[in-house]
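Written out below as structure tokens is the structure these notes cover.
Read-outs: derived from the displayed coordinates by stated rules, not from any lab. Everything quoted here is computed from the prediction, not taken from an experiment. In this analysis, Cβ positions are derived from the backbone assuming ideal geometry, glycine residues included, and neighbour counts consider all displayed protein chains.
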Amino acid sequence: QKEVEQDPGPLSVPEGAIVSLNCTYSNSAFQYFMWYRQYSRKGPELLMYTYSSGNKEDGRFTAQVDKSSKYISLFIRDSQPSDSATYLCAMTLYNQGGKLIFGQGTELSVKP
Amino acid sequence: DVKVTQSSRYLVKRTGEKVFLECVQDMDHENMFWYRQDPGLGLRLIYFSYDVKMKEKGDIPEGYSVSREKKERFSLILESASTNQTSMYLCASRRTALHFGDGTRLSIL
């Protein structure tokens, strides 16, 4: 069993839809969670960095962490064609230092 | 903003060559990482470094080595390039969140 599981998709939605991207993990020691967006032929770009269980909002993006269920989500409201990318979840034991464990990435396409 | 700069976006080399991939970060981060990314396999950690002259093997270190002579610079070395090392190589640095460069797409012919 992989430490982090993420549905690879691809996921295709119409413009304006609410998108839900999800990851589950097996190691309850993970404390810090990140979401990255990766456009084709570019490096991953940090979207959200969270620690505690609950929700964190940044514009159209909301990151949700449920440590009791070992489940994290990224919600995108009013999705735009420019949101079409691969989204990666990542998690780690430590706030500073140490390596991250990544999900496989979910490919999202938002159709105009 | 954190900036991680990889020296080449695209590189073509021949089998058996020694290949150097260079990475520089401008945020005084102690931790630096090298990943490769392949379709269907996701991001795989090759090597990382916690400090100058310090290195740790990641999940797939075979065929690679690294050098960290200065805090801001982390180099990945392919000792004798092979075709199965054709890939996208990503450098990253970290204090809290991990920040990536734009990658080097390396082709070994």
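The table that follows gives values for the structure above.
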quantity	calculated
Average partner coverage of A:79-90, which counts Cβ from other chains inside 10 Å	1
Per-residue Cβ neighbour rank within 10 angstrom, fewest leading, B:VAL19, A:VAL4	B:VAL19, A:VAL4
Three-way shape label, the range B:17-109, alpha-carbon gyration tensor, a/c 1.5	prolate
Which listed pairs, of A:LYS67/B:LYS57; B:LYS3/B:LYS71; A:LYS42/B:LYS13; A:LYS2/A:LYS70; A:LYS99/B:LYS70; B:LYS3/B:LYS70, have C-alpha distances above 18 Å, in listed order	A:LYS67/B:LYS57; A:LYS42/B:LYS13; A:LYS99/B:LYS70
Fraction in percent of alpha-carbon pairs per bin - 5 Å, the protein assembly as shown	1, 7, 15, 18, 19, 16, 12, 7, 4, 1, 0
Chain A: C-alpha gyration tensor shape, a/c 1.5 cut-off, then a/b vs b/c	prolate
The range B:76-109 and the range A:1-39: distance between their alpha carbon centers, rounded to Å	23 Å
Mean separation of Cα contacts under 8 Å, 6 or more apart, over the residue count of chain A: relative contact order %	38 percent
